[in-house]
1. Go through (1) surrounded by fewer than 23 Cβ atoms within 10 Å (Cβ to Cβ); (2) within 21 Å of A:Ala309 (Cβ to Cβ) one by one and return the number of the condition A:Asp199 breaks.
2. Of the residues B:Ala176, B:Ala185, B:Ala219, B:Ala168, which single one is touching a residue at least 12 places away in the same chain (Cβ under 8 Å), surrounded by 20 or more Cβ atoms within 10 Å (Cβ to Cβ), among the small types (Gly, Ala, Ser) and under 25 Å from A:Ser186 (Cβ atoms)?
3. Yes or no: segment B:147-159 includes at least one residue that is surrounded by 20 or more Cβ atoms within 10 Å (Cβ to Cβ) and part of a helix (DSSP H, G or I).
4. Please give the strands (runs of 3 or more DSSP E) falling wholly within segment A:101-220 in which 1 or more residues are facing another protein chain (nearest Cβ under 9 Å) and touching a residue at least 24 places away in the same chain (Cβ under 8 Å).
5. If you go through segment B:225-233 one residue at a time, do you hit one that is within 30 Å of A:Glu50 (Cβ to Cβ), modelled with pLDDT of 95 or more and of a type in the set (Asp, Glu)?
6. Under 9 Å between Cβ atoms, which residue pairs at least 6 apart in sequence (or on different chains) link something in segment B:190-213 that is farther than 19 Å from B:Gly180 by Cα with a partner that is of a type in the set (Lys, Arg)?
7. Out of all the residues in segment A:242-257, which are part of a helix (DSSP H, G or I) and surrounded by 23 or more Cβ atoms within 10 Å (Cβ to Cβ)?
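The values are calculated or read from the model by the stated rules, or taken from the named source; none is laboratory data. In this text, all values refer to a predicted model and were calculated from it rather than measured experimentally. When we count neighbours, we look across all protein chains shown, and the Cβ atoms used for this are built from the backbone with ideal geometry, even at glycine.
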Amino acid sequence: MNGNPFSFEPESARAEVEAFRRKLEAGMETLKHLGPIELGTTPREAVYSEDKLTLWYFKGTKKPTAKTPLLICYALVNTPWMVDLQEDRSMVRNLLAQGEDVYLIDWGYPDGADRWLTLEDYIDGYLDRCIDVIRKRHAIESLNLLGICQGGVFSLCYAALHPEKVRNLVTMVTPVDFHTPDNMLSHWARNIDIDLFVDTYGNVPADVMNFAYLTLKPVRLNQQKYVGLVDILDNPKEVENFLRMEKWIFDSPDQAGEAFREFARDFFQKNQLIKGEAHIGGKAIDLKKITHPVLNIYAEQDHLVPPAASTPMGDVIGSKDYTALAFKGGHIGIYVSGRAQAQVPPAIHGWLASR
Amino acid sequence: MSDKPNDFIDQYQAFVRAGLETWSRQFDPASEGAAASPSADIMGRMFSGLSGYGDWIRSMAAGEPGAAPFAMGGVPPFGQPDPAGGSPYGPPGAFPPGAAPFGYGPPPGAAPFGYGPPPGAAMPQPGTEQFDEWAKVAREALSMPAFGLTREQQEEQQALFRAWIDYAEHYARFQALLQGVNDRAGAALRDQPVPSDPESMRSVYDRWVNLAEENYGEAALSDEFREVYAALVNAQMRLKVLQQKQVERVTKQAGMPTRTEVDSLGERLQAMRRELRHMHGLVAEVEALRAEVAALRAGKAPGKKAGVSRRPIAAEAASTGKKVAGKAKAVAKKGRAR
């Protein structure tokens, strides 16, 4: 290591690499003896299903105290089990513990039969029917809707289209302005020929989506993360936690082609939501029609939905009861970190309970 | 230990290589215990990452930080492989190169579509002057008109070949961009003041990762990156479309349904489903109105149960979905939703 500008000694470097190799070798035993990894641990029952979609109702250990049920609308990308990853990292479990009555939409894994599903089919179709099922089950006019990321955008659109069916709206890591300067995904998508892309792929493969996400931080997510894994290989519990997250990241659904086309073109490329130009199934999305109480939770270190993409929400909706809540963490940490478990569900419950 | 100064790095790399090979065997249906381990996938990704770490250590030992960390094993955006890989040109009837229709897919990081040079072509490396010259000549040759019974197929092949050249050029531009980021990250690391206390290799590595990501992030938000990235993706799609066209020709000849036909059926079916739902909605509304009229005729105000609107709730849902509340599918505590 002649002349290199780093202050490590060759002998200590040799010892370090050898120690690392030994640790890796020993850690193989841990990996060999792990069982299957499962996500979604909170007891639940399916109350409605249609095509690939399932509407889940969660069962807490005590009777809900909330009078209005809460429906979680997750994004189409990845599975919704990030909100119920494991027993001690579960937003759902913590919401139930707070007294909420929780439902969740699991969009399922689209295949070729779903290639022509549009945003209208998802928002004005599936989501609307799930909401009707819950309204009927509880004999209520409106429910509380919690949208996450792209599911947050769906929830905004839905609340604008059907304001009478939503009582309170909670959005988490939800973009409204897709053209902020720090939005890497949107920046990359801007010049891509989306029509050619969807016409070529049909449904957009999950691997393609994952690849795009990994290249947002390529060295950290493809290399450093696994170097760090070696440090915990002697701890099966830690490795299981790592694998659960890994499974969630890579066990992701393909994207229905037409819905992807519309979302990428109208939201990512044309930024129509904040401009008031978005349409779902030919119906204009006027965010000013959202006069419900709105709680917008964003993550300060979010590399997928930067805070600047989310914070303008208060200015573009019609609500006079808008609360923005900044969470110190990232796009995923907001659901699974220890701090998130302690802060986010109580904040949501407290906000809902006071309305 | 041998006298070779970096033998410990070789040993580490050999270990990682062996790990990768072991993992790759998980995907070989002929090998004993193929894909038996639930952690096979994670091992693949882990060893790929660790191999990169080994490359980094080697670069460090040579006093040159970081070797091409952004290309993810030579796979640029959306998984296009290095154009110098396999060939997209097979005889009519062949499966698309790189596809394993009845076997296991390629390991993570491997090229999903084996686009490569034309068979037998002694092709220079994309991104070099020689390639540019070669491409110019090839393009001219590929613009010649085709004749005879197979003229349409010939034109398709020519278009496919031209699309491949475009793709190779865009790929080279993208690689050059990433190399620039890598060089800048390395220079930034060298420019940092050397800590007075000896530091571990790992802490230097972590420092380097931070600088690499910082430089990458800056580049990735530039207009140039956006343009080069999109051009590469668009070039790959143009190539893929032409490849699919060739596959469709073969599928038709084999009397099998093509993707275009399946897509067409799917589109029509989805349109009919929407129309049907719309009609169900109208029927529900008519029924509700009829009930109101009947109530008015009977001299009563229309009944309205608490919490239920005039339009029957979930009328559409009832007609299209399955309400399973009555026979709720209980899920075991650790059940998996699919």
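1. Of (1) surrounded by fewer than 23 Cβ atoms within 10 Å (Cβ to Cβ); (2) within 21 Å of A:Ala309 (Cβ to Cβ), only one is false for A:Asp199: (2).
2. After applying the criteria, what remains is B:Ala185.
3. Within segment B:147-159, not a single residue is surrounded by 20 or more Cβ atoms within 10 Å (Cβ to Cβ) and part of a helix (DSSP H, G or I).
4. On the way: elements: A:102-106, A:143-148, A:166-172.
Where strands (runs of 3 or more DSSP E) fall fully within segment A:101-220 and carry at least 1 residues being facing another protein chain (nearest Cβ under 9 Å) and touching a residue at least 24 places away in the same chain (Cβ under 8 Å), they are A:102-106.
5. There is no residue in segment B:225-233 that is within 30 Å of A:Glu50 (Cβ to Cβ), modelled with pLDDT of 95 or more and of a type in the set (Asp, Glu).
6. B:Glu199/B:Arg207
7. Correct list: A:Gly257 only.
This table checks each residue for (1) within 7 Å of chain B (Cβ to nearest Cβ); (2) in contact (Cβ under 8 Å) with a residue 40 or more places away in the chain; (3) over 30 Å from A:Ala113 (Cβ atoms).
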site: A:Ala15; (1), (2), (3): no, no, yes
site: A:Thr42; (1), (2), (3): no, yes, no
site: A:Ala46; (1), (2), (3): yes, no, no
site: A:Leu53; (1), (2), (3): no, yes, no
site: A:Lys59; (1), (2), (3): no, no, yes
site: A:Lys62; (1), (2), (3): no, no, yes
site: A:Thr79; (1), (2), (3): no, yes, no
site: A:Met82; (1), (2), (3): no, yes, no
